[in-house]
Amino acid sequence: MRKFPRKYIFVVGGVMSGVGKGVASSSIGKILQFHNLNVTAVKIDPYVNVDAGTMNPTEHGEAFILDDGHECDQDMGNYERFLNKSLRRSNYMTTGSIYLKVIQKERSLGYGGRCVDVVPDVPFAVIEQIKEAGRRENADIVMVEIGGTLGEYQNILFLEAGRMLRDQHPEDVLFVMVSYLPIPSKIGEMKTKPTQYAVRTMRQTGVSPDIILGRSPREMDDKRKEKLSVACSLPKKAIISAPDVKSIYDVPGNFMTEGLDRLIIEKLKIPGTRFSAKKSDQWDTFVRSSKPHNKEVRVAVVGKYFDTGDFVLTDAYISVIEALKFSAYKNGVDIDINWFNSKKLEGKGAKDIAVLKEFDGIVVPGGFGSSGIEGKINAIRYAREQGIPFLGLCYGMQLASIEYARNVCGIAGATSYELDPDAKDKVITIMPAQEKLLRDGNYGGSMRLGAYPAVVREGTLAHKIYGTTEISERHRHRYELNPEYGNVLEENGLVISATSPDGVLAEIIELPDHPFFLATQFHPEMKARPLDPHPIFTEFLRVASE
């Protein structure tokens, strides 16, 4: 039973985007958990999209899926991984979803016929959802990350919501600014002026930071802390150094060293907290396990969402990356992840496929559309024929089925409804409930989304991995292995080792006479946690490391 009012911590970003608000929010939540506080987290994204499901991964990164099927920003994945808990759709909102909620309420006379205004009604709707997230979790602390950067028009209403919530509960709301302190190479000195301007910009919205987290390539010295303390009217202890670290999982330890946990408890006047050495030690043990080992496993990730100018975008597969890391540490090995654009492994590039022989394992992650598909199929075939451990995820399972149908079962025209709706041999077909949705142009939030149960066949690799016949995993797909071709694949040696409870949908396929060849229709990476690595990734890397 909580003996104090629920507390709210707003995290905002200054100077530039990508400054690390999500990791900061997750890390603050983690260190407060060490004090036996029940923490939940809310992400506010300022775009007008209702959710993250229809956005291009090369622009926005991964769409993270919750158990209840909500498609969210990738920061929700950080929250779940750090806090080691599953969140709900009430923990995520966008400008679009809030406006939609206000409009729907107005249309149903929820405002009693009065004039509905942007202010205060939109901020009130934001506050209502933040409070709902806290109530659902019975949280002591609600972390609220406001996306975007201070000074942008898009997040003003959310800052206004924070201001109004603080007016309602002046002792229960805290504002943390994550800002950037550059060290220009030609100057060689850490500069505080951009952060000072960010604080001034924040104050123009009616709120001031209570704590500043100074992100920078190196630790902030006392001189810079004193400068920000004077310029921003904050005590020096409220200026926290947040330097670059090798791993984001080192951040909670850095915050503890800086005394951030004690500072927050003091500022929010939270009584009677008890520090849990056990919880802290569990995290420290994980962090230590991530340090360099004597053995390294090399993994090739053959994906298609890398086209972003001169840079390689990895955010489209961030949950896959983290799942691989957690399981590598569990196996006591380092992991070297290499990126292969599947578009470069098809056509004339197919002759370069032998470069994959250098790797201990191959992962083909999810995706949509036709681009780069033949390159993925070439990579899957190479892994199968060369005995290289292979893990396919979602689209990776569908393409593994197509590859097997073409090159083992002799169905030369095997393909997917997604690639050719008029093809004769649609080994992958559209789910019946999805066909009408596509005809009507209903794309947003309409896939098979969220956690669904599955039944694992005894005596299979999947059963060995899970140790049970009943599992629940998160899904995000419109297409499935065509039941009409399932028997053909199995007659030729492929094993459907898990299905939906009614036996209709294939959930896992595998090859028994292969070091490791397994693919899932679901997304196991979405449930991998630092303190609870996913067993599929752990077994894949155990075999790959051998």
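Of all residues being in a helix (DSSP H, G or I) and aliphatic (A, V, I, L, M) in the range 388-408, which is farthest from T538 (Cα to Cα)? Just the residue, please.
A405
Name the residue that is nearest to R384 (Cα to Cα), counting only residues in the range 403-426 that are touching a residue at least 60 places away in the same chain (Cβ under 8 Å) and β-branched (V, I, T).
V408
Among the residues of the range 363-397, which ones are of a type in the set (K, R) and either out of contact with any Asp or Glu (no Cβ under 6 Å at 6 or more places or on another chain) or under 30 Å from Y443 (Cβ atoms) (or both)?
Residues satisfying the conditions are K376, R384.
Do the conditions hold for S185, that is, is it among the hydroxyl-bearing types (S, T, Y) and at pLDDT 95 or above?
It is false that S185 is among the hydroxyl-bearing types (S, T, Y) and at pLDDT 95 or above.
Filter the range 409-418 for residues that are buried (at least 16 other Cβ atoms within 10 Å of the Cβ) and part of a loop (DSSP other than H, G, I, E, B) and give the result.
Residues satisfying the conditions are C409, I411, A414, Y417, E418.
Got a sec? Which of R274, R262, R298 is in the same structural domain as E374 (by TED's automatic domain parsing) and not hydrophobic (A, V, I, L, M, F, W, C)?
Within the list R274, R262, R298, the selection yields R298.
Here is a yes/no grid of residues against (1) more than 30 Å from S97 (Cα to Cα); (2) within 24 Å of the chain's Cα centre (by Cα); (3) at pLDDT below 95:
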residue: L438; (1), (2), (3): no, no, yes
residue: R457; (1), (2), (3): yes, no, no
residue: E470; (1), (2), (3): yes, no, no
residue: E473; (1), (2), (3): no, yes, no
residue: G493; (1), (2), (3): yes, no, no
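Yes/no matrix, rows are residues, columns are (1) more than 20 Å from Y404 (Cβ to Cβ); (2) among the polar types (S, T, N, Q):
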| site | (1), (2) |
| --- | --- |
| A454 | yes, no |
| T460 | no, yes |
| G467 | yes, no |
| R478 | yes, no |
| S497 | no, yes |
| S500 | yes, yes |
| E507 | no, no |
| L511 | no, no |
| T520 | no, yes |
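At pLDDT 95 or above, out of contact with any strand residue (DSSP E or B) (no Cβ under 8 Å at 6 or more places or on another chain) and assigned to a loop (DSSP other than H, G, I, E, B), is that true of P515?
In short, yes.
Hey, among S229, S233, which residue is farther than 22 Å from S17 by Cβ and either surrounded by 13 or more Cβ atoms within 10 Å (Cβ to Cβ) or in contact with a strand residue (DSSP E or B) (Cβ under 8 Å, 6 or more places away or on another chain) (or both)?
Answer to the check: S229.
Results for (1) at pLDDT below 95; (2) assigned by TED's automatic domain parsing to the domain that holds K193; (3) in contact with an Asp or Glu (Cβ under 8 Å, 6 or more places away or on another chain); (4) not hydroxyl-bearing (S, T, Y), shown as yes or no for each residue.
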residue	(1), (2), (3), (4)
L37	no, yes, yes, yes
N49	yes, yes, no, yes
D73	yes, yes, yes, yes
L83	no, yes, no, yes
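Just the residues that are in contact with a helix residue (DSSP H, G or I) (Cβ under 8 Å, 6 or more places away or on another chain), buried (at least 18 other Cβ atoms within 10 Å of the Cβ) and not aliphatic (A, V, I, L, M), please, taken from the range 150-162.
F158, E160
Taking the range 381-408 as the search range and keeping residues that are of a type in the set (V, I, T) and more than 21 Å from V297 (Cα to Cα), which one is surrounded by the fewest Cβ atoms within 10 Å (Cβ to Cβ)?
Selected residue: V408.
Take S370 and tell me if it is crowded, with 18+ Cβ neighbours inside 10 Å and either in contact with a His (Cβ under 7 Å, 6 or more places away or on another chain) or of a type in the set (S, T, Y) (or both).
Judged against the criteria, S370 is not a match.
Just to be sure I understand the filter: pairs with C-beta atoms under 7 Å, separated by 6 or more residues or on different chains, first member in the range 329-348 and within 22 Å of A316 (Cα to Cα), second member assigned to a helix (DSSP H, G or I) and among the aromatic types (F, W, Y). Which pairs pass?
Qualifying pairs under 7 Å: none.
Return only the number of the condition from (1) under 22 Å from K527 (Cα atoms); (2) surrounded by 21 or more Cβ atoms within 10 Å (Cβ to Cβ) that T95 does not satisfy.
(1)
Applying the selection to the range 348-380, what residues are farther than 14 Å from A300 by Cβ, assigned to a helix (DSSP H, G or I) and touching a helix residue (DSSP H, G or I) at 6+ places or on another chain (Cβ under 9 Å)?
If the condition is that a residue be farther than 14 Å from A300 by Cβ, assigned to a helix (DSSP H, G or I) and touching a helix residue (DSSP H, G or I) at 6+ places or on another chain (Cβ under 9 Å), then G349, A350, I373, E374, I377 are the ones that fit.
Residue by residue through the range 62-88, note down the ones that are closer than 30 Å to V116 by Cα, buried (at least 21 other Cβ atoms within 10 Å of the Cβ) and out of contact with any Gly (no Cβ under 7 Å at 6 or more places or on another chain).
Across the range 62-88, the qualifying residues are H70, C72, D73.
Does the range 128-173 hold any residues that are β-branched (V, I, T) and either under 24 Å from the mean Cα position of the chain (by Cα) or outside the structural domain of K105 (by TED's automatic domain parsing) (or both), and which are they?
I130, I141, V142, V144, I146, T149 - these are the residues of the range 128-173 that are β-branched (V, I, T) and either under 24 Å from the mean Cα position of the chain (by Cα) or outside the structural domain of K105 (by TED's automatic domain parsing) (or both).
I'd like to check something: does the range 92-101 contain any residue that is under 24 Å from I31 (Cα atoms) and without any contact (Cβ under 8 Å) to a residue 60 or more places away in the chain?
Checked against the condition, which is being under 24 Å from I31 (Cα atoms) and without any contact (Cβ under 8 Å) to a residue 60 or more places away in the chain, the range 92-101 yields at least one hit.
The values are calculated or read from the model by the stated rules, or taken from the named source; none is laboratory data. Remember, predicted model here, so these are calculated numbers, not experimental data. Because the Cβ atoms are built from the backbone with ideal geometry, glycine has one as well, and the counts that use them run over all protein chains shown.
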